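Where a number appears in this text, it was derived from the coordinates with a stated rule and is not lab data. Predicted, not measured: the structure shown is a model, and the values here were computed from it. Please note: Cβ atoms are built from the backbone with ideal geometry, for glycine as well, and neighbour counts cover all protein chains shown.
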Amino acid sequence: MLVGGAIVWGLLVGSFLNVVVHRVPLGQSILRPASHCPHCGHVLGPLENVPVVSWLALGRRCRGCGAPISARYPAVEVVTGFLFGAAAWRWGASPEFVLTMLLAAGLVVAALIDFEHRFIPDSVSLGGLVAGLGLSPAAAWLNGEPLGEAATRAALGALLGGGLLWLVGFVHARASVAFGRTFEHWPGEGEDVPTPGQADYWLWFPGLGLGDVKLMAAIGAFLGPVGVLETIVAASLLGLLLGLAWAALTRDGGGPFGFGPAIAAGALAVALIPHPPLLSLLG
């Protein structure tokens, strides 16, 4: 019953996440106006807002203007439902179950926005960081762990996740400059490579956005130091596979490619799939 209820709840939340993914990059409110067709403005009625079912019943077209409705909408609903159901199966009725649902919802939004727009909004990454630093220790405390220890673990996870990814980007940028390597998008046309006295020297890297760094910090707050290390390993492997697939599809091996989907998938795999701790495997 818990898994079934979580799936239904995930379908409903997925419908809302579609609104978030569409509106946040445009700087629009996620609460007003009500859900509507982006082509003609037709406001969706209650029966047009039923996850997946409405999309099928409407013949995948807007009732107002007949414009096609992207398959992304039911896909996001189904994926979110699956992730929430998996969280219920993995953790049962526990604080970790609620925490994992929150993490999954944020990662779905981050992955889709990064895939479509190649950036991760601060409202998602930094908002997730604040949520992780506050809610992860609370969940551990409800399970009987001392609050101070849980808060320390969340803070260390955030520092380790964000710090390691920042270090990778920084070293790559400095090595690229040392070896004279250039990128189409870094530096920009007519711009010089940033120097140590400029903020971009520390924060602007080729092939890695600062949004990825902040997202990994948020994941570290949720999953702790060991979980974020596992996420980095999983995301690196998944990023390689996704990058190769994207290059094959677009026939462009040098074009920019969002790392957010790989980070999100890696974190979800760590949170949802039972596995031996990474450190025990290394030991």
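Values for this structure:
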read-out	value
The range 82-238, Cα convex hull volume normalised per residue, Å³	126
Cα centre as origin, Lys/Arg/Asp/Glu Cβ charges: the chain dipole, Debye	640
Backbone HN-Hα couplings from phi across the range 10-23 [Karplus 6.51/-1.76/1.60, Hz, Gly and Pro as x]	x, 4, 5, 5, x, 4, 5, 4, 4, 5, 4, 4, 6, 8
Relative pair counts by distance (%), Cα atoms of the range 187-271, 5 Å bins	3, 14, 19, 18, 16, 15, 11, 4, 0
Neighbourhood charge, 14 Å Cβ-Cβ cut-off, centred on LEU159 and excluding it, Lys, Arg +1 and Asp, Glu -1	+2
Coordinate range along principal axes, alpha carbons of the range 49-154, Å, largest first	57, 31, 18
Ellipsoid semi-axes in whole angstrom, largest first, where each is sqrt(5λ) of the Cα gyration tensor of the chain	32, 28, 17
Peptides ranked, highest mean first, by Cβ atoms within 10 Å: ranges 105-112, 217-224	217-224, 105-112
Kirkwood Rh and Cα Rg combined as Rg over Rh, evaluated for the range 1-93	1.02
